[in-house]
Amino acid sequence: VMDIWNLNKDSELPIETIVATEKERTVSKIAFSNDGRKIAVGSSSGSTKIFTLHEKLALPVEEDAKKFYESMQARIQLTSQFQSQMESEKMRQHQYAGKSYASSSGLQSITSLLNKSDK
């Protein structure tokens, strides 16, 4: 089964459900055509099915595309801010432990921090 969702709508239900594979098989790959109207679905058995989407599903109106773009940009920005906050918090925790992990080339990777603290 393959569900088609409208990510601009806050809904717990897909707008379309397609039986995409044989019984008890899973979807292993999907690909969209350049025009967005067809979806090729590969199953765990190795078979491939091609589905044609209704134009309403395949081609979003400009307003929907703009809303989706703005929503994704906001999520990317929030994720970036959260990651920066987490890195700052990690650095503060390490500094409180009496150790500084900054180098002349900037902050070291987590892996190198772990290796350094084991020595």
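The values are calculated or read from the model by the stated rules, or taken from the named source; none is laboratory data. What you are looking at is a predicted structure, and each value in this text was computed from that prediction instead of being measured. As a convention, Cβ positions derive from the backbone with ideal geometry for all residues, glycine included, and neighbour counts pool all protein chains shown. To get the accessible areas, we keep the full protein, side chains included, count just its heavy atoms, and leave off ligands, DNA and RNA. Shrake-Rupley method; radii C 1.70, N 1.55, O 1.52, S 1.80 Å.
Using heavy atoms of the protein chains and a probe of 1.4 Å, the accessible area assigned to Leu13 is about 130 Å².
Once the Cβ-Cβ distance of Glu16 and Gln77 is raised to the sixth power relative to R0 = 35 Å, the FRET efficiency obtained is 0.70. The heavy atoms of Thr52 offer some 100 square angstrom of accessible surface to a 1.4 angstrom probe.
When all protein chains stay in place and ligands, DNA and RNA are ignored, the 1.4 Å accessible-area order of Ile30, Ile18, largest first, is Ile30, Ile18. Rounded to the nearest whole Hz, the Karplus-based 3J(HN,Hα) values (6.51 cos²θ - 1.76 cosθ + 1.60, θ = phi - 60°) of the range 2-16 follow the sequence 10, 9, 10, 10, 9, 6, 7, 10, 7, 9, 9, 10, x, 7, 8, with x at glycine and proline. The amide H of Asn8, built 1.01 Å from its N in the peptide plane, has no neighbour under 5 Å, considering only residues 5 or more places off or on other chains.
Please give the FRET efficiency for Lys90 paired with Asn8, using the beta carbon to beta carbon distance and R0 = 41 Å, rounded to the nearest 0.05. With a Förster radius of 41 Å, E is 0.70.
Taking label positions 7 Å along the Cα-Cβ direction at both Tyr69 and Ser43, the computed distance is 3.8 nm, reported to one decimal. Taking amide H positions as modeled 1.01 Å from N, with prolines and chain starts lacking one, the residues under 5 Å from Lys38 and 5 or more places away or on another chain are Ser33, Leu53.
Heavy-atom accessible surface of Ser47, to the nearest 10 Å², is about 40 Å², with a 1.4 Å probe and all protein chains retained.
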